[in-house]
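Read the structure below first, then the notes.
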Amino acid sequence: MSSSSKSNGVRTKSHSKNPKAIVLFSGGLDSTTCLYQAIQDGYSPIALSFDYNQKHKQELKSAKKITKLLDIPHLIQKLNPEFFQGSSLTEKKIKVPKNSLGHSDIPNTYVPGRNILFLSFGVSLAEGIGAQRLYIGVNALDYSGYPDCRPEFIKAYSETIRLGTKMGSEGHPLEICTPLQFLDKKEIVLLGSKLGVPFSMTHSCYDPVGGKPCGKCDSCLLRKKGFQEAGVPEK
């Protein structure tokens, strides 16, 4: 696990009177809003990102810029891309669907087991450093239908870590915090605006071209819809 900060990592940069929290952080609109919400909630956050050779690796550049702006620890876990197959976000031969928002089927942008793995890394880090919360920007309203974003998954996973961690067995389970769970994209944008999220620094596109958003994938369309309905400028 590597850190984008110049410090020796979490232990040296998280000395604070505030309790610690881990934030799963992609650098996108939702996870950045989660990060700012964690700060608003009174926590000293450690951002945790993942490099799994995703097509939208541009998001990691955004994540680095935002954590540098906030001067908070940022860990990037590099994962073997061979673990992430069968998704258009990771395989060149599979095309990211365009202009398909609203289809009922789970899209091929779903990455098998991704949130299960990401949360597991977050749980291990959180328990190791004594963090009280683990934030993740899952959403059950304006999203693409991913099963690992649903409330029932988060509920079941929370019970799993309660049973399977020392913190849980001692009666102090880690809290999985999902502040965006029941917000639509408009509400997420409004919340981000209230929290002071630097929208222009975030990246949401699944299939960027030359670092620029494609404007046609589900993520781009949902983002555009949210800003338009909220009446908030992206810049």
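The values are calculated or read from the model by the stated rules, or taken from the named source; none is laboratory data. In this text the structure is predicted, and so the values were computed from the model without any measurement. FYI the Cβ positions are ideal-geometry reconstructions off the backbone, even for glycines, and counts take in every protein chain you see.
Can you list the helices (runs of 4 or more DSSP H) lying wholly within the range 59-177 that have 2 or more residues being among the small types (Gly, Ala, Ser) and either in contact with a strand residue (DSSP E or B) (Cβ under 9 Å, 6 or more places away or on another chain) or closer than 19 Å to Thr32 by Cβ (or both)? First the steps, then the outcome.
Numbers: elements: 114-129, 151-164, 166-169.
Filter on the range 59-177 gives 114-129.
What's the number of the condition Ser204 fails, among (1) hydroxyl-bearing (Ser, Thr, Tyr); (2) in a helix (DSSP H, G or I); (3) in contact (Cβ under 8 Å) with a residue 40 or more places away in the chain?
Among (1) hydroxyl-bearing (Ser, Thr, Tyr); (2) in a helix (DSSP H, G or I); (3) in contact (Cβ under 8 Å) with a residue 40 or more places away in the chain, Ser204 violates only (2).
Go through Leu24, Leu117 for me and flag whichever is modelled with pLDDT of 95 or more and buried (at least 19 other Cβ atoms within 10 Å of the Cβ).
Numbers: Leu117 fails: buried (at least 19 other Cβ atoms within 10 Å of the Cβ).
None of the other options fit; the residue is Leu24.
So in the range 73-109, with the set limited to residues that are over 20 Å from the mean Cα position of the chain (by Cα) and among the aliphatic types (A, V, I, L, M), which one is nearest to Pro45 (Cα to Cα)?
Leu101
Considering Leu89, Leu79, which residue is in contact with a His (Cβ under 8 Å, 6 or more places away or on another chain), in contact (Cβ under 8 Å) with a residue 24 or more places away in the chain and more than 21 Å from Gly192 (Cβ to Cβ)? First the steps, then the outcome.
Values: Leu79 fails: in contact with a His (Cβ under 8 Å, 6 or more places away or on another chain).
Selected residue: Leu89, the only one of Leu89, Leu79 that is in contact with a His (Cβ under 8 Å, 6 or more places away or on another chain), in contact (Cβ under 8 Å) with a residue 24 or more places away in the chain and more than 21 Å from Gly192 (Cβ to Cβ).
With respect to the numbered conditions (1) in a loop (DSSP other than H, G, I, E, B); (2) without any contact (Cβ under 8 Å) to a residue 24 or more places away in the chain, which one is the sole condition not fulfilled by Leu183?
(2)
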